[in-house]
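In what follows, a structure is listed as structure tokens, so that the remarks can point back to it.
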Amino acid sequence: MIKNLYMSLIYFFASILIGTIFITIFNYFNILNNNIITSLKLIIPLLSLFISSYILGTKSNKRGYIEGLKLGSIIIIIFLVVTLITKSFTIRTLLYYSILLLTSTLGSMIGINKKKK
């Protein structure tokens, strides 16, 4: 159970890293507009969290929403610590973290329902 959670965290951070590299390359060569890059900065963590919680949901036995809440809570705590260190906490940040938690829960619930039996 814990092993699956750690693997999902690794999937999440690896996909965030890959997405950040692509955004950096696109921004460096001016391939995409700044508005699109700003949108991608918000979408990539959501998509990464959904995919990693989906994988976690397919590997869990029951109660996928709890597994999604665990994964989302761990990631939000990590992001919250970074946000508090940089002193950039706003209401928008709180709303974004709530959306991250909801995405994680939803991905895990869908993952447990699509699990191969």
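Readers should treat all values here as calculations from the given coordinates under stated rules, not as data from a laboratory. Computed from a prediction, not measured in an experiment: that's the story for all the values here. Neighbour counts run over all protein chains shown; Cβ positions are idealised from the backbone, glycine included.
Taking the Cβ-Cβ separation of residue 37 and residue 3 as r and a Förster radius of 35 Å, what is the calculated FRET efficiency to the nearest 0.05? The computed FRET efficiency comes out at 0.50.
Normalised by the number of residues in the stretch 1-116, the mean separation of alpha-carbon contacts (under 8 Å, six or more apart) gives a relative contact order of 36 percent.
Against the chain, whose longest principal axis is taken from its Cα atoms, helix 64-86 shows a tilt of about 30°. About the centre of its Cα atoms, the chain shows a dipole size close to 520 debye [charges on the beta carbon of Lys, Arg (+1) and Asp, Glu (-1) only; nearest 20 debye].
From the list (1) 15.1, 47; (2) 19.4, 62; (3) 17.1, 55, can you say which value of Rg and Dmax of the Cα atoms in Å was derived from the structure given? Label of the calculated value: (1). Gain on full extension, evaluated as 0.36 nm per residue between residue 86 and residue 51 minus their Cα-Cα distance, stands at 9.8 nm.
Can you give me the angle between helix 2-28 and the longest principal axis of the chain, using Cα atoms only, in degrees from 0 to 90, rounded to the nearest 10? With rounding to tens, the tilt is 20 degrees.
Which part of the stretch 25-61 falls in the paramagnetic zone of residue 79, meaning amide N under 19 Å from the point 7 Å along Cα-to-beta-carbon? The answer is 36-57.
Counting only alpha carbon atoms, the long axis of helix 91-113 and the longest principal axis of the chain meet at about 40°. Rounded to the nearest 500, the helix-only mean residue ellipticity at 222 nm of the chain stands at -30000 deg cm²/dmol, with each DSSP H run of n ≥ 4 adding -39,500 (n - 2.57).
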